[in-house]
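Read the structure below first, then the notes.
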Amino acid sequence: MSDVLARWNRLSAEEAAKEILPCCGSKAWAQRLASRRPLASEAALLAASDEIWFGLAAEDWMEAFRSHPRIGEETGEKIGEKQAAQSPGQPAPVQSSWSAQEQRNVAAAGEEVKAALAEANRKYEHQFGHIFIVCATGKSGSEILEILRRRLQNDRDAELREAAEQQRQITHIRLRRWLS
């Protein structure tokens, strides 16, 4: 068992939920995951996370989606302030830093790609009522733009499921980072 997981297992339920919240952004997810402790391994943590995630209501998914910056948007203070409001006691820069790392290839994209992403983001939000969620780690700005344009063809239900799956992938990456 990692030292981080061992320490987290010993926290109060409230402290454990606050600490894990930036990995996903859903308070219900964080509270339910904290209630599953003790978790003995990374594999047990990821399995519990998935089971809880797919058992949540759409409103809880939307809360997690709102914890992200738009793809291509500057992540700095805006997200740090939002996270601080969501999770008192948790260092705000954690999620902001993770978002910046996850989107670093988008930040390096040319202005034409960034402008196209901004326009496609607006269209997506108008069509689906939430920001575009994609596991951006390792993807270029052009790749993400192509994914966004393809997903604009989804119906609302299919897109909600796809966004939830992307959030699950992001959560796995963040949980692993948190453990290391």
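The values are calculated or read from the model by the stated rules, or taken from the named source; none is laboratory data. Computed from a prediction, not measured in an experiment: that's the story for all the values here. So basically every Cβ, Gly included, is an ideal-geometry build from the backbone, and we count neighbours across all protein chains shown.
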What are the pairs with Cβ atoms under 8 angstrom where one residue, in segment 124-140, is among the hydroxyl-bearing types (S, T, Y) and the other, located anywhere, is assigned to a helix (DSSP H, G or I)? Sequence gap at least six, or different chains. Y124/L148; Y124/R151; T137/Q101; T137/E102; T137/I170; T137/I173; S140/N105; S140/V106
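Being in contact with a Lys or Arg (Cβ under 6 Å, 6 or more places away or on another chain), modelled with pLDDT of 90 or more and surrounded by 15 or more Cβ atoms within 10 Å (Cβ to Cβ) is true for just one of I170, I131. Which residue is that? Working first, answer last.
Values: I170 fails: in contact with a Lys or Arg (Cβ under 6 Å, 6 or more places away or on another chain).
Exactly one residue qualifies, and that residue is I131.
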Restricting attention to segment 148-167, and to residues there that are surrounded by fewer than 19 Cβ atoms within 10 Å (Cβ to Cβ) and touching a Lys or Arg at 6+ places or on another chain (Cβ under 8 Å), which single residue is farthest from A30 (Cα to Cα)? L152
Does I147 qualify as being of a type in the set (V, I, T), at pLDDT 95 or above and in contact with a His (Cβ under 8 Å, 6 or more places away or on another chain)? no
Residues satisfying the stated conditions in segment 16-41, i.e. surrounded by fewer than 18 Cβ atoms within 10 Å (Cβ to Cβ), over 24 Å from A163 (Cβ atoms), out of contact with any helix residue (DSSP H, G or I) (no Cβ under 6 Å at 6 or more places or on another chain) and touching a residue at least 24 places away in the same chain (Cβ under 8 Å): A40, S41
